[in-house]
Amino acid sequence: LRVPPRVRPLTCTETRRGDQQVVHSLGDGTIHVSAARHEATFGFSAVFDAGTSQEAVFEGSGMRQLVELAIDGFSCTVFAFGQTGSGKTYTLMGPLTQSKTQVAAPGLLGLMQRSFSCLLEQSRSCGSDLAFSASYLEIYNEQVRDLLSPGPPCALPLRWSKTRGFYVENQLNVDFESVEAITELLLQVSSLAGSQRRRTSAHALNRHSSRSHALLTIHICSRA
Ligand code: ADP
Ligand code: MG
């Protein structure tokens, strides 16, 4: 288990307001927090400060090893945790674009797109015959919704069985073979254009905040 915190730069609004950065990386896997009357230092396996690029976060957080492990058959999870506006969506998907057709600059692509490329590259180079599919769920107000299924969103039941453990009944699983195909699938769900399906509501910290939890699952199946 690795917990690498990322400190995001102050946003324009915060800078205009005269906010001060109170969280600083000390460079040796520690973070120093200095707010009014509070001083504390915390240690982690890695720390990404405000100047860290998306690529450096991908390389430094162990994502490449996770993808290798996933191809070897292990279940791997990446979990972005933080308060609204802290940079989860930016880290996972890059800056959101204004339309479905507009794509973020390659350097700004998030962990998701980078791990798809890494996954497809590694599967090609190791010559194994792998098949990929994706499912995408949202948990909102205690309800599970399928973000990939067409038509009006409806709540799906969560079930448990001895053989499968916890699973979501009737969850849609979409096959994909290229980075473009899976990226297109996610763009349909998360772009700010009219087709946006994730539940979002205005929030003082972040206008486009999704007040929900999203769970993207990539299934890797070895045909051998
Ligand atoms: P969350 O998903 O945690 O609510 P966001 O990812 O939407 O937060 O980030 C909030 C705002 O900060 C967005 O405008 C986003 O573009 C910006 N932001 C977040 N992280 C960074 C970063 N590392 N560099 C530049 N801008 C960032
Ligand atoms: Mg978000």
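Readers should treat all values here as calculations from the given coordinates under stated rules, not as data from a laboratory. Just so we're clear, the structure is a prediction, and the values are computed from it rather than from any experiment. Note that each Cβ is placed from the backbone with ideal geometry, even for glycine, and that neighbours are counted across all protein chains shown.
Each residue of region 83-154 gets 161 Å³ once the volume of the Cα convex hull is shared out per residue. Multiplying the residue separation of Ser75 and Ser212 by 0.36 nm and subtracting their alpha-carbon distance yields 47.0 nm. Within 10 Å of each candidate Cβ there may be at most 15 other Cβ atoms; applying that plus a DSSP loop requirement, which chymotrypsin sites (Phe, Trp or Tyr not before Pro) in region 1-53 survive? Counting only loop positions with at most 15 other Cβ atoms within 10 Å, the chymotrypsin sites (Phe, Trp or Tyr not before Pro) in region 1-53 are Phe44.
Expressed as cubic angstrom per residue, what is the convex hull volume of the alpha carbon set of the chain?
Details: hull volume 36.4 nm³, N = 224.
Once divided by residue count, the hull of the chain is 162 Å³.
Put a dot 7 Å past the Cα of Glu121, heading toward its Cβ, do the same for Asn170, and the two dots end up 4.0 nm apart.
Can you say what percent of the DSSP beta bridges in region 1-51, counting only those with both residues inside, are antiparallel? Round to 5. Of those bridges, close to 90 percent are antiparallel.
Legend: calculated FRET efficiency, Ile220 to Glu59, from the Cβ-Cβ distance at R0 = 22 Å, rounded to 0.05, equals 0.55. Taking only Cα atoms, what is the 0 to 90° angle, nearest 10, from helix 111-125's long axis to the longest principal axis of the chain? With rounding to tens, the tilt is 50 degrees.
In the chain, helical runs assigned H by DSSP with n ≥ 4 each contribute -39500 (n - 2.57); averaged across all residues and rounded to the nearest 500, the mean residue ellipticity at 222 nm is -7000 deg cm²/dmol.
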